[in-house]
Amino acid sequence: MTDEPSPTEAALDAAAPELFTWEFATNPYPAYAWLREHAPVHRTRLPSGVEAWLVTRYADARQALADARLSKNPAHHDEPEHAKGKTGIPGERKAELMTHLLNIDPPDHTRLRRLVSKAFTPRRVAEFAPRVQELADGLIDRFAERGSADLIHEFAFPLPIYAICDLLGVPREDQDDFRDWAGMMIRHGGGPRGGVARSVKKMRGYLAELIHRKRAALPEHPAPGEDLISGLIRASDHGEHLTENEAAAMAFILLFAGFETTVNLIGNGTYALLTHPEQRTRLQKAIEANESGLLETAVEELLRYDGPVELATWRFATQPLTIGGQSIDTGDPVLVVLAAADRDPARFPDPDTLDLARRDNQHLGYGHGIHYCLGAPLARLEGQTALATLLTRLPDLELAVDPVELRWRGGLIMRGLRTLPVEFTPLERSE
Ligand code: HEM
């Protein structure tokens, strides 16, 4: 886009709220409301220096997420020299690590997604429910007697990493390594970048070796409770299998896509409940009465109200197209703002109100179209188990600090808290 802005566009640009500031990270919703109303498809300069289109209205967002002219393949974007390496757009250098579902288009995407779906089935996830419950209880046991905790570091962070490691079939004795590597990845914003790259490399190296070992030892027929990596190796479609490299990339994306998202579902969700006491009491009563219906709608509403994925991942125009009346040029990056779309009053009545019983709630928190979250059943299981266990075991749980003291991570794609200090009546040790 090289056209000069019209006078109206220039006036709007001048009035546009400042994005990507500290205040914005704390509460981006007023800025998104402004964009939705005044500049629903808005070209902005990201902190990395790259210019991208932000799509904020629900109808446009849903259309863009399903638009085949928007590619996930970063090769369609010509990254400007000044922004190289800073954008978070997966570059050539990382091609081997980053060739996975979220960076590819059909027909490769269709083939890989079909194969992984054969191993990562809702049934496999449902069978995993007792283990998630055991993990949630075990983590709470570690701080229950203290009467206080940082729920991000002691609960929301370890739960998904141990869960996905177990599901994949990473031996228990190696899982703390994953915890450390994942910890480095989640500290991305403030942590040393070299450390993140090293952690990713170690994780990938470990997974490649594990897959190699498991393939060599794979029994001829699947056994009950077979782990997901064995399932990935075994999965076949019309005689086609995943190569070891593809299986390693797949295991990595399951970890990568399923980890920080779930940390933030538990973190943002607990925070929303603690700051909406009436809703929280209602949910607590429903859980006590064993009414699972409200727990299910509650987790969906928490995803809509303050979900973990603020912006969907990068998309690039493969040809000139129009979104919400705005022309987009070939190669332009498009970022669909899920957090803005999910508060669009044209789709959700009282969008800024948290209503755990909300029914007509087709939110975009898990995306839409062919890249719709593959791990949604696992995320729901983890979210529901984590929140129900917290509210049941620590019924008088409350924030230990004023909400204004809480700090949000400033990343582009994810939305989540750095820490969540809480207090509660200490539990006595049960022998
Ligand atoms: C609350 C937790 C989660 C949220 C909010 C979430 C959200 C999303 C979203 C928004 C997308 C689409 C991104 C886009 O189109 O740009 C996505 C894709 C994906 N998610 Fe999740 N996710 C969660 C948990 C998980 C878990 C637990 C796993 C697996 C263990 C997982 C695996 C994936 C994969 C593999 C994709 C890519 C699918 C594809 O490209 O076909 N996610 N997720």
| Taking neighbour counts of Cβ atoms within 10 Å as a proxy for exposure, in what order, fewest first, do Glu428, Glu310, Glu226 appear? | Glu428, Glu226, Glu310
| remark: The local net charge around Arg62, scoring Lys/Arg +1 and Asp/Glu -1 for residues other than Arg62 whose Cβ lies under 13 Å from its Cβ, equals -2
| remark: Amide H neighbours of Ser48 at under 5 Å, excluding residues fewer than 5 places away on the same chain, with H built from the backbone geometry, are none
| task | Over the alpha-carbon set of the chain, work out the extent along each principal axis and list the three values in angstrom, largest first. | result | 73, 54, 41
| So for Lys214, Lys202, fewest C-beta neighbours within 10 Å to most, what's the order? | Lys202, Lys214
| field | Length gained when the stretch Thr281-Lys201 is fully extended (0.36 nm per residue, less Cα-Cα span) | value | 24.4 nm
| By how many nm would the segment from Ala16 to Glu423 grow when fully extended, if each residue of separation counts as 0.36 nm and the alpha-carbon distance is taken off? | 142.6 nm
| said: Suppose the chain between Glu244 and Gln133 were pulled fully straight at 0.36 nm per residue; how much longer would it get relative to their current alpha carbon spacing? | reply: 36.8 nm
| FRET E, pair Glu291, Arg146, Förster distance 25 Å, beta-carbon r, rounded to 0.05 | 0.20
| query | Along the charge dipole of the range 7-423, which of Leu54, Thr318, Ala15 sits closest to the positive end, that is, farthest toward it, with unit charges on the beta carbon of Lys, Arg, Asp and Glu (+1, +1, -1, -1)? | reply | Thr318
| note | With the label point 7 Å along the Cα-to-beta-carbon line of Arg359 and a cut-off under 20 Å to each amide N, the hits in the range 301-335 are 301-305
| What FRET efficiency comes out for the pair Asp329/Thr121, r = Cβ-Cβ distance, R0 = 41 Å, nearest 0.05? | 0.50
| query | Summing -39500 (n - 2.57) over the DSSP H runs of n ≥ 4 in the chain and dividing by its residue number, what mean residue ellipticity at 222 nm do you reach, to the nearest 500 deg cm²/dmol? | reply | -14500 deg cm²/dmol
| message | So, R0 is 30 Å and r is the distance between the beta-carbons of Ser236 and Gln319; what FRET efficiency does that work out to, to 0.05? | response | 0.30
| Most exposed first by the Cβ proxy, i.e. fewest other Cβ within 10 Å, how do Leu427, Leu378, Leu391, Leu265 rank? | Leu427, Leu391, Leu378, Leu265
| query | Cα-based count: Lys pairs in the chain below 28 Å, eight or more positions apart or different chains? | reply | 21
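No lab work stands behind these numbers, since they all come straight from the coordinates. Model, not experiment: these values are computed from the prediction. Positions of Cβ are backbone-derived with ideal geometry, glycine not excepted, and every protein chain shown enters the neighbour counts.
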